[in-house]
Protein chains: 2
Amino acid sequence: MSEPLGTVPDEDATPDPDSPEGLGRAASPVTDAAVQRSREPLSRRLVLVNAVGLIDEEGLAALTMRRLGARLGVEAMALYRYVTGREDLLDGIVELLVDDLYGDPDVHMEADVWQEYLQRLAHGVRRLALAHPLVFPVVATRPPAAPWVRPPLRSLRWMESFLEQLQRSGFSDWAAVESYRAFSSFLLGHLLLEVSARGAEISPVEQNPPDTPRRTDLSSYPRLQALEPELSQDHSAEVFDESLEALLDRLEVTRRTR
Amino acid sequence: MSEPLGTVPDEDATPDPDSPEGLGRAASPVTDAAVQRSREPLSRRLVLVNAVGLIDEEGLAALTMRRLGARLGVEAMALYRYVTGREDLLDGIVELLVDDLYGDPDVHMEADVWQEYLQRLAHGVRRLALAHPLVFPVVATRPPAAPWVRPPLRSLRWMESFLEQLQRSGFSDWAAVESYRAFSSFLLGHLLLEVSARGAEISPVEQNPPDTPRRTDLSSYPRLQALEPELSQDHSAEVFDESLEALLDRLEVTRRTR
DNA sequence: ACCTGAACACCGTTCAAGT
DNA sequence: ACCTGAACACCGTTCAAGT
């Protein structure tokens, strides 16, 4: 399994009792200044990890420089030492998640069978998306660095590794590139769909009091009414696996076609 | 072909020379007050159409209540008669585009062959995405009204029509719902991929002067370097069509499986 | 009925100043 | 080296007031 993100690998001196994962939340806007002073030193990674945490907990709209600063026990202006601005902050979040995935030995590995490589990769990205459902849309929609970089595997490292693995497995130039795109499209489609359903449930900020069930009125949509049971069932994990198998089969055809 | 959106079907009195499509841009922040007074009356649709236009031209970040107001020759506060706030504005944009597609007889039609129905629908959504590449991510990622509503066909009308067409063609409850999801996932994956490439090219705001080509440095990525020609080639239209055919074949299997 | 002016809270960002 | 205070431009939104 992958590390929960946030554990800074080096230096774990002074075990901090009030930040269980090593961090996650760094400082509450507490009145005790002594607590604030004993914070882990700021770093770009710490800033980005807390930005992810803020989105996870309160949605993308809650990610402001000022609130992120408060979460870290610091004024907003201090963040400009680690990010050049809010845009860079968002780019940094994407980079952090994608690079963390790259560093995860359960996800990124050379395999004798290319199918295993893609299986691990696909499930790794899926775990990422489900762990951060409110962040994944950002990974999916931020404009990439180059036009041929495709979300969600939007790093040159990942592309290089992906293409190398496939070519080593007998994919031609054309087939490898085609597979990169098909794989990206597959992940994007399935995971954004899955994450969007969760987004509708939790729907940030819109924490309406439970006295408002506000069920959609289906009276003029007989089919929807009849099919609501099927529509509400969730098979996403199985469907993901089956579709992934189907994709791998198609890629094997692509591979043999050269 | 679908109407270019913005042409208000009723009332085309006083042909306005400076708004070729009937609207698109309504009023430039011009100093001539007389021109501003002769504006088309405000309406929710007009507000939404201009919001789309603003995103098309300058990106999502440029869509502020104040700038949208200025574009319409009005103060920002006037917009609150037609939208309850910025969130409702974004929801309205999505609804406008999706409903316009529903109203397009070239896209939404009953067909004797379900494959034709899905073909027209798929190409209609693709045209929408390519016509508004900076808006499509919003269509793709806004939280849906109900958890079982999936982007990009995120209206009850579309879902009802979709499911009805498939059931009329012999799909079981299960198969129809499964197909709705597979189709949604297909569109999302392919179109977001395609649109993200364009977003990287135009990249709103970032209109860097052409003296900064700033090509990505690939020196440490030999595969990327070698495959850059293939990576830069664009076959998206053909790939879309082929993948759509493959999907329809799979759905036919699903249909017969019951 | 429809729009505006004034006001408020909050935002991103810069920069000189503090330690 | 790292953070803050003050300041500025811009933002969403409310509301009483104008026509």
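Accessible surface buried at the B:A interface totals approximately 4800 Å², computed with a 1.4 Å probe on protein heavy atoms.
Label-point spacing for residue B:88 across the identical copies (point 7 Å from Cα in the Cβ direction), in nm and ascending order: 3.9.
Spin-label model, residue B:75 to residue A:172: label points 7 Å out along the Cα-to-beta-carbon direction sit 6.6 nm apart. Remark: the stretch A:79-87, residue by residue, has Karplus-estimated 3J(HN,Hα) of 5, 6, 6, 10, 9, 7, x, 5, 4 Hz, where x stands for each Gly or Pro and the curve is 6.51 cos²θ - 1.76 cosθ + 1.60 at θ = phi - 60°.
Among chain A residues, the beta-carbon with the smallest distance to the axis carrying A onto B is reported, with distance in whole Å, as A:189, 1. Comment: the Cα-to-Cβ extended label point of residue A:76, at 7 Å, lies 1.4 nm from its counterparts in the other copies, nearest first. For the stretch B:243-250, the Karplus equation 6.51 cos²θ - 1.76 cosθ + 1.60, evaluated at θ = phi - 60°, returns couplings of 5, 5, 4, 4, 4, 4, 4, 5 Hz by residue, with Gly and Pro reported as x. Our coupling estimate for the stretch B:224-234, obtained by passing each phi through the Karplus curve with A = 6.51, B = -1.76, C = 1.60 and θ = phi - 60°, is 4, 4, 5, 9, 4, x, 5, 5, 7, 6, 10 Hz, Gly and Pro reported as x.
With its label point put 7 Å out from Cα toward Cβ, residue B:123 sits 4.1 nm from the same residue's point in the other copies, in order from shortest.
The values are calculated or read from the model by the stated rules, or taken from the named source; none is laboratory data. Just so it is clear, the model here is predicted, and its values are computed rather than measured. Note that each Cβ is placed from the backbone with ideal geometry, even for glycine, and that neighbours are counted across all protein chains shown. We work out accessible area using only protein heavy atoms, side chains counted, and drop any ligands, DNA or RNA first. Shrake-Rupley method; radii C 1.70, N 1.55, O 1.52, S 1.80 Å.
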